[in-house]
């Protein structure tokens, strides 16, 4: 039975039914106030506070804080880390999604579960495991020291820990997307004589590009903002192994609040750009699937 | 060997091989290093590290604060999801987009910001101080930071269920004479609870391992405001690899068990939705 059966000639449901379907105005108002109050307190206020604190000592201090050599070095290292971990995990995500969404093989469910594993691991433990492998006391420690290769307390360790933390992002976006899209277009391309690479470039990539971009946006935000894992492997060597989040921590602990928030405002800006890009992509994906 | 189900598509061996190799090198082998290291400890050493008073205090704080944060998020997350899917008001889309802020904002930024807000002379601390509430450098502060971090989980798991819920069931209940509250209890809540519990469990799991947003606000006093991830870092900085590894193993096993439970819950939720869709 649907409500249509009870509607009068004007298409209105009887008052008693409508009352049971809609929340009373007072409840509505109360819930909206509660929800918006919670959102304002936990989301809006911190975001505003970052920028207010960043500019609290004036524009001069702000500019100096983000343009001093140590800050620039932190920005540079952050960009390097992202420029390695983003493409690596994006390529993995596409490959894994292709194998999982297009073929049947034993152990597929296990593989999908294992791909999600890094999301269940604390950032601190994600750093710890690389210290256990490559640290001075680690499995490969003595060999690395002998050959003069530094991984822990150096950039390679930071890259590895970030790659681990951001491992699942692209794969978990693409697997359900490609499963839903099905393989008919790709099969058609192959049977019309396209090579594997042609099929990928002309059919697969255009079909998944928005989902891929979506995963990359989230992956990049996490790669640039990761703190716990990177903190464990970095050794906090100023001007050498600090990413922006680690730089923020050092300044904050040295009571240079305005400078810390100035550096933090760069990351907050990244978060805002990420949210806007995420929204825009969601909107386009919804429009494309409807079309 | 793998069956390819007569697929004409190329690249199976290449992509699966690369995926498994990359997964093994980056995730499986490093993670197994943790378990091998733990296995090399004697049982006595393991228990001494895992059951020390300092570790026990850290578990209590971490699990307690994570649970409190998950509970707050269950209530307010449900209200937020409800308001965002069911009501129309100006700024709704903006609020909806901002729900993901805790995912996008780096944890260290959240940490120093919440600490500054809640410190004695901060915007919120100034209001709380006269009321006798101290949030910064107390377990309350830890719970607040974890609430921030977990906020999107409940909203984002409940929202799609609320959207997909057939209006028909609600309408039927209403036309059969159920009141609004009765409709909520009898029709909406039974469909919602798997998502609500899943979302809260995800927020709880995230909170257990959280580090960046908590270290600044907790004050890091051993036995009082020291969370487990910080205890691991402290042990590591003191070159107590055995202690750090043992405690990390306990946390990792807890997280994995929780993940399995969440997967089971999600299966229940899916079956419930599918069952409803199939009903005539």
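Please give the contour-minus-distance gain from residue B:97 to residue B:7: 0.36 nm per residue of separation, less the Cα-Cα distance, rounded to one decimal in nm. Write down the numbers at each step before the final one.
Details: separation 90, 0.36 × 90 = 32.40 nm, distance 4.07 nm.
The span from residue B:97 to residue B:7 would gain 28.3 nm if fully extended.
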*Those residues of the range A:169-203 whose amide nitrogen sits under 20 Å from the label point placed on residue A:104, 7 Å along Cα→Cβ*: A:175-188
_If you average the C-alpha positions of the range A:76-107 and of the range A:173-219 separately, how far apart do those two centres end up, in angstrom?_
14 Å
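In square nanometres, what is the average projected area of the Cα convex hull of the range A:161-291? Don't skip to the end; give the middle numbers.
Details: hull surface 40.8 nm².
Directional mean of the projected Cα hull area for the range A:161-291 stands at 10.2 nm².
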_Pair-distance profile P(r), taking every C-alpha pair of the range B:75-218, with 10 angstrom steps and integer %_ = 11, 31, 30, 18, 9, 1
*Kirkwood-Stokes translational diffusion coefficient of the range B:8-121, alpha-carbon pairs, 20 °C, 1.002 mPa s, µm²/s*: 107 µm²/s
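So between residue B:185 and residue B:43, what do we pick up on full extension, going 0.36 nm a residue minus the alpha carbon distance?
On the way: separation 142, 0.36 × 142 = 51.12 nm, distance 5.00 nm.
Gain in length upon complete extension: 46.1 nm.
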*Shape call for the range B:140-183 from the C-alpha gyration tensor, a ≥ b ≥ c root eigenvalues: rounded (a/c under 1.5), prolate (a/b greater than b/c) or oblate?*
oblate
*Per 10 Å bin from zero, what fraction in whole % of the C-alpha pairs of chain A is there, up to the bin with the longest pair?*
6, 19, 23, 21, 17, 9, 4, 1, 0
*To two decimal places, what compactness ratio does the range B:128-280 give when its Cα radius of gyration is scaled by 2.2 N^0.38 Å?*
1.42
*Of B:126, B:206, B:88, which is the most mobile in a GNM of chain B whose springs link Cα atoms less than 10 angstrom apart?*
B:88
*Of B:71, B:97, B:119, which is the most mobile in a GNM of chain B whose springs link Cα atoms less than 10 angstrom apart?*
B:97
*Picking from B:52, B:66, B:218, which is most flexible by a Gaussian network model of chain B using Cα springs under 10 Å?*
B:52
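Could you give the Stokes-Einstein D for the range A:227-272 in µm² per second, using the C-alpha Kirkwood radius, 20 °C, 1.002 mPa s? Show your work: numbers first, answer last.
On the way: Rh = 10.8 Å.
The Stokes-Einstein estimate is 199 µm²/s.
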_Kirkwood Rh over alpha-carbon pairs of the protein assembly as shown, then Stokes-Einstein at 20 °C and 1.002 mPa s: what D in µm² s⁻¹, rounded to an integer?_
84 µm²/s
_Per-q log10 I(q)/I(0), the range B:80-162, q = 0.11, 0.14, 0.22 Å⁻¹ (Debye; single scatterer per alpha-carbon; no solvent)_ = -0.39, -0.60, -0.99
*Projected area averaged over orientations for the range A:89-186, convex hull of C-alpha atoms, nm²*: 7.8 nm²
_Please state the shape class of the range B:20-87: rounded when a/c is under 1.5, otherwise prolate if a/b exceeds b/c and oblate if not, all from the C-alpha gyration tensor._
oblate
_Two-decimal Rg/Rh across chain B, once Rg and the Kirkwood Rh are taken from alpha-carbon atoms_ = 1.05
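Between residue B:223 and residue B:131, what's the calculated FRET efficiency when r is the beta-carbon distance and R0 is 25 Å? Round to 0.05.
On the way: r = 26 Å, r/R0 = 1.06.
That pair, residue B:223 with residue B:131, gives E of 0.40.
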*Which residues does a label at residue A:187 reach in the range A:101-125, if reach means a backbone N under 14 Å from a point 7 Å past the Cα toward the Cβ?*
A:102-104
*With the Cα gyration tensor of the range A:25-155 giving a ≥ b ≥ c as the square roots of its eigenvalues, does the rule (a/c under 1.5 for rounded; else a/b larger than b/c for prolate; else oblate) give rounded, prolate or oblate?*
oblate
*Kirkwood-based Rg over Rh for the range B:178-227 (C-alpha set), two decimals?*
1.33
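Bear in mind these aren't lab numbers, they're just calculated from the coordinates by the rules spelled out. None of the values given here were measured: they were computed from a predicted structure. Counting neighbours? That spans all protein chains shown, and the Cβs are built from the backbone with ideal geometry, glycine included.
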